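> Quick one: structure below, then a few questions.
The values are calculated or read from the model by the stated rules, or taken from the named source; none is laboratory data. In this text the structure is predicted, and so the values were computed from the model without any measurement. Here Cβ is always computed from backbone atoms with ideal geometry, including for glycine, and neighbour counts include all displayed protein chains.
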Amino acid sequence: MTTKILSLWPPQIPSYFNAGHHIGVFLNAAYLRAAGHEVTALDAGALNYDWKRFGDLVRQQRFDVIAITNDFDNVDDFDRTLRYIRTLSPGSRVVTAGRLSSQAPLVFESTEVDAIVVSGDPEAGIAGYVSWLEQGSPAGAVPDGVTVRVDGAWHRPARPGRHLPADEWRLPDIGEIPYGAYLNMYKRDESKFCGIPDRRELVVPAARGCPVGCSFCDVPGVQGLRDRRLTVARTLEYIEASFAAQPFEYVAFYAPTFTLDRRWIKNLCDELVERGSPYPWKCATTIAHTPLDLLEQMARSGCVRVSVGLETLEPDGQDTLPRQKHIELTRFHTLAERCRELGVELNCFVIAGLPGTTAAGVERTVREIRAAGGRVRPTMYGNIEALRSARTLDDAALFNRQLLHPADAGSGEETLYDVVFGVEPSPTQVMASIPRRVELPVP
């Protein structure tokens, strides 16, 4: 049976933009198509959809199922999205899946959705829900990892959702991803979004899962503790086909801790060097998983930026981090110096308001990074444990990682806001390391 599905990132004004977070919309679409369904994929947020245009789509297409990707950043207009769907296409079933519903599923039980993917990979949960609908929605056979509404009552799953092995992932169709809109999102470097200004990015969803276990991170709860990743061959095949089809200028490897599997990274770098290192690329990892010899090999293969979850250089603050992230100042400076020598931009994630830190200590961390030639990407602390107790969309919206949660406000908050929203004295220069591709027209 073929089901007509809309895989949707809803209309929104983003507070932070990472194209990798949005790729789930297209991963879901590719997986559902492989199962034989008719799927439209739409990132209405990045495309700046107005509500009339969204209403036109919903009213005219009358999708059987609308799968809304939820995130910490897109809940402010979630109710309005549902209101348009319920009014203009009342026969559509609505399922939501994403980072937020895996952490705080009860938030969505307060909304008008029909189903909530609460665990496992989103595409597996959505596919399970669609299959359940096709079977007649039996109340006694709730899909794994999905909470469903039957006759006005919520039925929770008996088993967790499935984390798919990498060979079952379906990579997204670059033809439907609005990469031109993503390029526009990255133009203003002061926004500290994840992309590189004025260079066209290809996102490669290379790995899922992370065993590091940071208490403030959503990845272990959403993707699991076990690292799952594509083969090097499949990764390179996707990159080569994508660069042949569109004028991409660099690769953004989307993975929680990209260098976790040292053998995999060495294999990838060897293959890229053998090809002449044709693709500038960036990744995110930790300092502990970036030894200097590996960094040198990465640079030879085309790496132009390494983002590291530094979080803080305050000793008291590091006590709240996993042991692998306890970084001495000398070790940070050694890495920073090597990055400068190799021409690799060091991008440091810093958490303002992290327990155990002070406002003055956050300022010192930022000064140390900038003095060492690094780029600072600050976010506000979000307490994942507190988020899990949220019950409404308004509760969840307070954890947007730019504004302090009211429970965390207090002494030093003005300084923290100066860190997150202050003037950036050291804009990135890494685009100089990424040649423009002018031989292909921008679609």
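> Go through segment 15-51 residue by residue and tally those that are within 13 Å of the chain's Cα centre (by Cα) and in a loop (DSSP other than H, G, I, E, B).
Residues meeting the conditions: 4.
> Identify the single condition in (1) on the phi < 0 side of the Ramachandran plot; (2) out of contact with any helix residue (DSSP H, G or I) (no Cβ under 9 Å at 6 or more places or on another chain) that C210 does not satisfy, given that it satisfies every other one.
The failed condition is (2).
> Taking segment 393-413, which residues are crowded, with 16+ Cβ neighbours inside 10 Å, farther than 19 Å from G361 by Cα and over 18 Å from the mean Cα position of the chain (by Cα)?
Across segment 393-413, the qualifying residues are L393, D395, L398, H405.
> If the Cβ limit is 6 Å and pairs must be 6+ apart or interchain, which residue in segment 282-294 that is surrounded by 19 or more Cβ atoms within 10 Å (Cβ to Cβ) pairs with which residue that is at pLDDT 95 or above and assigned to a helix (DSSP H, G or I)?
I287/L335
> May I pose another question? Tell me, yes or no, whether segment 361-369 has at least one residue that is of a type in the set (V, I, T), farther than 19 Å from C214 by Cβ and more than 24 Å from the chain's Cα centre (by Cα).
No - not one qualifying residue is present in segment 361-369.
> With a cut-off of at least 3 residues that are under 18 Å from H21 (Cα atoms), name the strands (runs of 3 or more DSSP E) lying wholly within segment 71-172. Spell out the reasoning first.
Numbers: elements: 93-98, 115-117, 146-150, 153-155.
Qualifying strands (runs of 3 or more DSSP E): 93-98.
> Continuing with the same structure: Pull up segment 266-298, narrow it to residues that are under 24 Å from the mean Cα position of the chain (by Cα) and of a type in the set (A, V, I, L, M), then point me to the one that is nearest to V219 (Cα to Cα). Lay out the reasoning, then the answer.
We begin by selecting, within segment 266-298, every residue under 24 Å from the mean Cα position of the chain (by Cα); these are 268-269, 279-290, 295, 298.
Right, trim to of a type in the set (A, V, I, L, M) and you get 268, 284, 287-288, 295, 298.
Working: L268: 24, A284: 13, I287: 18, A288: 18, L295: 24, M298: 24 Å.
By that ranking, first place goes to A284.
> Something else now. If C339 satisfies every condition in (1) modelled with pLDDT of 95 or more; (2) surrounded by 18 or more Cβ atoms within 10 Å (Cβ to Cβ); (3) not in a helix (DSSP H, G or I) but one, which is the exception?
Of the numbered conditions (1) modelled with pLDDT of 95 or more; (2) surrounded by 18 or more Cβ atoms within 10 Å (Cβ to Cβ); (3) not in a helix (DSSP H, G or I), the odd one out for C339 is (3).
> Could you give every pair whose Cβ atoms fall below 9 Å, whose first residue belongs to segment 325-339 and is in contact (Cβ under 8 Å) with a residue 12 or more places away in the chain, and whose second residue is among the polar types (S, T, N, Q) and assigned to a helix (DSSP H, G or I), counting only separations of at least 6 or pairs across chains?
Listed by first residue and then by second, the contacts come to K325/Q318; I327/Q318.
> A follow-up question, please. Looking only at segment 197-236, count how many residues are within 16 Å of the chain's Cα centre (by Cα), closer than 18 Å to A252 by Cβ, among the hydrophobic types (A, V, I, L, M, F, W, C) and not in a helix (DSSP H, G or I).
Residues meeting the conditions: 6.
> Where in segment 377-430 are there helices (runs of 4 or more DSSP H), lying wholly inside it, with at least 2 residues that are assigned by TED's automatic domain parsing to the domain that holds A360 and more than 20 Å from D73 (Cβ to Cβ)?
Details: elements: 384-387, 393-397, 413-421.
Output list reads 413-421.
> Return a yes/no flag: does segment 261-275 have any residue that is at pLDDT 95 or above, touching a Gly at 6+ places or on another chain (Cβ under 7 Å) and either in a loop (DSSP other than H, G, I, E, B) or of a type in the set (V, I, T) (or both).
At the first step, the residues of segment 261-275 found to be at pLDDT 95 or above are 261-275.
Applying the additional criterion that residues be touching a Gly at 6+ places or on another chain (Cβ under 7 Å) yields 272.
Within this subset, residues satisfying the condition of being either in a loop (DSSP other than H, G, I, E, B) or of a type in the set (V, I, T) (or both) are none.
For segment 261-275, residues at pLDDT 95 or above, touching a Gly at 6+ places or on another chain (Cβ under 7 Å) and either in a loop (DSSP other than H, G, I, E, B) or of a type in the set (V, I, T) (or both): absent.
> Okay, next question. I'd like the full set of residues that are in contact (Cβ under 8 Å) with a residue 60 or more places away in the chain, on the phi > 0 side of the Ramachandran plot and of a type in the set (G, A, S), limited to segment 19-57.
Those that are in contact (Cβ under 8 Å) with a residue 60 or more places away in the chain, on the phi > 0 side of the Ramachandran plot and of a type in the set (G, A, S): none in segment 19-57.
> Examine segment 47-58 for a residue that is over 17 Å from Y182 (Cβ atoms), modelled with pLDDT under 95 and of a type in the set (A, V, I, L, M), and state whether such a residue exists. Before the answer, list the steps.
The initial filter retains those residues of segment 47-58 that are over 17 Å from Y182 (Cβ atoms), namely 50-58.
Subsequent filtering for residues that are modelled with pLDDT under 95 retains none.
Scanning segment 47-58 turns up no residue that is over 17 Å from Y182 (Cβ atoms), modelled with pLDDT under 95 and of a type in the set (A, V, I, L, M).
> Moving to a separate point now. Can you tell me which of L342, L294, L310 is over 27 Å from E240 (Cβ atoms), in the same structural domain as E413 (by TED's automatic domain parsing) and not charged (D, E, K, R)? So that I can check it myself, show each step before the final result.
Values: L342 fails: over 27 Å from E240 (Cβ atoms); L294 fails: over 27 Å from E240 (Cβ atoms).
None of the others qualify; the one that does is L310.
> Restricting to segment 1-52, name every residue that is within 29 Å of W132 (Cα to Cα), among the hydroxyl-bearing types (S, T, Y) and surrounded by fewer than 18 Cβ atoms within 10 Å (Cβ to Cβ).
Correct list: T2, T40.
> Determine which single condition F253 fails, assuming it passes every other condition in (1) assigned to a helix (DSSP H, G or I); (2) crowded, with 18+ Cβ neighbours inside 10 Å; (3) under 17 Å from the mean Cα position of the chain (by Cα).
Single failed check for F253: (1).
> Sticking with this structure for a sec: List pairs: first in segment 79-97 and exposed (fewer than 14 other Cβ atoms within 10 Å of the Cβ) and at pLDDT below 95, second assigned to a strand (DSSP E or B) and not small (G, A, S), Cβ under 7 Å, 6+ apart or cross-chain?
none
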